[in-house]
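Accompanying notes for the structure given below.
The values are calculated or read from the model by the stated rules, or taken from the named source; none is laboratory data. Being a predicted model, the structure only gives us computed values, none of them experimental. Cβ sites come from the backbone with ideal geometry, for glycine too, and all protein chains shown count toward neighbours.
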Amino acid sequence: MQEFFANLVSGIGVRDAIDIAIIAFVLYKVLGFIRETRAEQLIKGFLILVAAMILSDLFHLNALNWILRGVMQFGVIALVIVFQPELRRGLEYVGRSKLFRPQFAVMDKENIKAMASAVVKAVDRFSVNKTGALIIMEREIALNDFAETGVILDGDLSPELLGNIFHIGTPLHDGAAIIRGNRVFAAACVLPLTRKKGLPTELGTRHRAGIGVTEVSDALAIIVSEETGVISSAFAGELTRFLDIKTLEKDILNMYLREQTIIGKPPFMSFFRKEKGDVSK
């Protein structure tokens, strides 16, 4: 037995180790991605069908085996159709990797601070006055498809402009405002709603749309509740609630001023607060 394992290990070269490591990493990522989506239950159902086909063959259940084999022949096409949203999300995740990512919107440090200040001032007013608002801050992935569902503004970003957009009774208040760089690119935009289950019942369409757009892009969504004035944010499909103004501003600055942005994790985690040398100062 020792000789067998010795021969096995001696036959593995550096390329083989790299090959195995890459495959293990890919499988780990695929399994993690499946667990985060409804694909987990579908995969379980598919594996049950495979097991049933194998057992029917072993026990010579010819009719059942024939039916299952016929189903499996169309299984690949069916999986592509059923998993279309998950496959699209997976490809978008690959496309957001650091290898292919461009830089943030070209803005110097002063413009970034001015942008964050304008957004935070507007959000603070919305929270105090209990004005419902949904602000989407575009990053590397362009949100043109969603912007086209609303009204293109391309106006200078300011608390006053955001205040006019979300003022109750105005034509543009019902929908999302998309910020591109230091400009308000579009308003009254329609966003996809999240399919997540288990969200608090008090979260309405505004919060679900804020989460939904971050599931299909790398945007940051800022939500103000019309009922309570509570400030929330969504990033990579995760919602963070009960934010204060200082924390929100610090997190926006950290997001835009750091090149090493964490993709796929909420920027409001303690990672930023535990690091030394806060760039927002």
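Among the helices (runs of 4 or more DSSP H) confined to segment 61-180, the ones with at least 1 residues that are out of contact with any Ser or Thr (no Cβ under 7 Å at 6 or more places or on another chain) and modelled with pLDDT under 95 are located at 62-73, 75-82, 84-95, 109-129, 144-147. Only residues that are in a strand (DSSP E or B) and crowded, with 22+ Cβ neighbours inside 10 Å were counted in segment 185-206, giving 4.
Here M255 clears all of (1) assigned to a loop (DSSP other than H, G, I, E, B); (2) modelled with pLDDT under 95 except the condition numbered (1).
Inspection of segment 212-234 finds a residue satisfying the criterion of being buried (at least 22 other Cβ atoms within 10 Å of the Cβ), touching a strand residue (DSSP E or B) at 6+ places or on another chain (Cβ under 7 Å) and assigned to a loop (DSSP other than H, G, I, E, B). Going by the structure shown, is L58 out of contact with any strand residue (DSSP E or B) (no Cβ under 9 Å at 6 or more places or on another chain), modelled with pLDDT of 80 or more and exposed (fewer than 10 other Cβ atoms within 10 Å of the Cβ)? Yes.
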